[in-house]
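Just so it is clear, none of the values below were taken in a lab; they were calculated from the coordinates. Being a predicted model, the structure only gives us computed values, none of them experimental. Cβ atoms come from the backbone with ideal geometry, glycine included; neighbour counts cover every protein chain shown.
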Amino acid sequence: MPRCWGRIVQHNIAAPGGRRGRLSKGAYVDGVLGGNRMVLARAITLIESESPKDGELAAEVLDAILPHSGKALRVGITGVPGAGKSTFIDALGMHLIRDRGERIAVLTVDPSSPISGGSILGDKTRMERLAVEENAFIRPSPSGGHLGGVARRTRETMLLCEAAGYQNIIVETVGVGQSETAVRSMTDFFLLLMLAGAGDELQGMKRGIIEMLDAMAINKADGDNKQRADRARAEYANALHLFPAPADGWLPQVVTCSALTSAGIPEIWDIVLAHRIHLDRTGGLQARRSGQALHWMRELVYLGLEQSFRRNAEVAERLPALRKAVSEGKTTPFAASRELLGLLHKPERG
Ligand SMILES: Nc1nc2c(ncn2[C@@H]2O[C@H](COP(=O)(O)OP(=O)(O)OP(=O)(O)O)[C@@H](O)[C@H]2O)c(=O)[nH]1
Ligand SMILES: [Mg+2]
C-alpha cells in the first residue's frame with residue numbers, strides 16, 4: 001500500500017498540544033483499549049492538558065484503563081547528550097518489531113524541552129526507522145513545566161500506551177539533573193549508555209546513578225573505537241564491583257554495543273528479559289512497583305498541593321507584596337511562606 005512518507009512521520013510522531021475538541025470518556029477508553037493510535041494520541045493530549053476540566057476527564061479515563069496497564073516491559077534509558085540514545089532506541093525498536101514481532105512506545109522525560117523543540121521531535125532523523133513503523137509509537141516530552149509535572153505526564157502516558165497494547169515502553173531521558181531519578185521511578189529496568197575514551201572513564205559514575213543501574217552499555221563500539229570500548233567495558237565492570245551489592249540481588253551488567261550497526265543490541269534485550277525473569281523469581285517486580293506506587297502517590301500529593309497553591313486567589317493576591325518584602329529584606333522567607341501557606345488552609349472567598 002503506497003503511502004506518503006511525510007504523512008506517516010506526522011502520524012507516528014504525535015506532537016503534543018493541538019487539541020481538536022474532547023471525546024467522551026467512553027470514546028477515549030474504547031479507542032485506547034482498541035489500540036487506535038489517533039485516539040491514544042488524543043488521550044495523551046488530554047492528560048497533558050493543564051485545564052481542570054480536562055484533568056477530571058483525564059482522571060476518569062486513567063481509572064478506566066488502569067486495570068489494562070502494567071503488563072509491559074518498562075525500560076528507562078539515560079546517557080549524556082550524544083551518547084547515542086536515540087540511535088540506540090531506533091535499533092532496539094527495530095529488533096523488537098522485526099525479530100520479535102512486538103510493538104514499542106518511546107517516551108521522554110525532558111523538562112528542558114520547549115513544545116516545538118522536544119528532543120525526540122528534533123531527533124526524528126535519529127529514529128528514522130521507528131518514525132515510519134506502524135508498530136512504533138513515539139511521543140515527545142510534554143512541554144514546559146517543572147520536572148514533577150513532566151514526569152507525571154510521561155508516567156500516565158506510559159499507562160495509556162500499555163493499555164493500548166504496547167508490550168515495550170522505552171523512556172528516554174538526558175543524563176542531567178533529577179530526571180534520571182524520575183525515570184527510574186517509573187521503569188523496571190534502567191540502562192545507562194556510555195561512551196569510551198577521552199580520558200573520561202568515570203563520566204556518570206556518580207554514586208547515585210550507579211545505584212539505580214541495571215545495565216551499562218558502552219555505545220559506539222564500532223570501527224576504530226571497538227578496542228577502546230572493550231577496554232572501557234572492563235574498567236567499568238571492575239569499578240562496579242566496588243559498589244555494594246544491590247538489594248534486589250541483580251548485579252548490573254556491563255556490555256558494549258553499536259547503535260549504528262546494531263551489534264550487541266539483541267544481547268542487551270536478552271539482559272532485560274533475564275532481569276525480568278530474575279524479578280519474577282524473587283518477587284522483585286512486585287517490590288519495585290509497589291515502591292514506585294508509593295513514590296507516585298507522594299509525588300501526586302505534592303503536585304496537587306502545588307497546584308492548589310498556584311490556583312488560590314488569596315495567595316495570588318498576596319504573593320507580589322510578600323515577594324517584594326522578602327527581596328527587600330523587610331520580612332523573612334520563613335514568615336512569608338508561613339503566611340502564604342496559612343492562606344491555603346483558609347476557605348476561599350466565594
Ligand atoms: N559510530 C557510531 N556513532 C553513533 C552510534 N550511535 C550513535 N552515533 C552517532 O552519535 C551521534 C549522536 O547520537 P544520538 O542518537 O542523537 O545521541 P543522543 O544520546 O540521543 O543525543 P541527545 O538526544 O542529544 O541527548 C549521532 O551522530 C549518531 O549517528 C554508534 O553506535 N556508533
Ligand atoms: Mg536523543
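Non-local amide H neighbours of PHE190 (under 5 Å, H modeled in plane, Pro and chain starts lacking H): which ones? Those qualifying (amide H under 5 Å, at least 5 residues apart or on another chain) are GLY76, ASP214, ALA215. Dipole size of region 69-282 about its Cα centre, with +1 on Lys/Arg Cβ and -1 on Asp/Glu Cβ: approximately 280 debye, rounded to the nearest 20.
Note down the magnitude of the dipole of region 292-345 about its Cα centre, charges +1 on Lys and Arg C-beta and -1 on Asp and Glu C-beta and zero elsewhere, to the nearest 20 debye. Mind dumping the intermediate values first?
Numbers: 8 positive and 6 negative charges, 19 e Å.
For this selection, approximately 100 debye.
Provide HIS295, HIS345 in ascending order of the number of other Cβ atoms located within 10 Å of each residue's Cβ, fewest first.
Details: HIS295 15, HIS345 6.
Ranked by crowding around the Cβ, least crowded first: HIS345, HIS295.
For region 183-190, 3J(HN,Hα) computed residue by residue from phi via the Karplus equation (6.51, -1.76, 1.60; θ = phi - 60°) reads 5, 4, 7, 10, 10, 9, 9, 10 Hz, glycine and proline entered as x.
Can you give the Rg/Rh ratio of region 292-345, where Rg is from the C-alpha atoms and Rh is the Kirkwood radius? Could the numbers behind the result be given before it?
Values: Rg = 13.6 Å, Rh = 12.3 Å.
On the Cα set of region 292-345, Rg over Rh gives 1.11.
Of VAL183, VAL132, VAL174, the sequence from fewest to most neighbouring Cβ atoms within 10 angstrom is VAL132, VAL174, VAL183. Summing +1 for each Lys or Arg and -1 for each Asp or Glu among the other residues whose beta-carbon sits under 12 angstrom from that of PRO246 gives -2.
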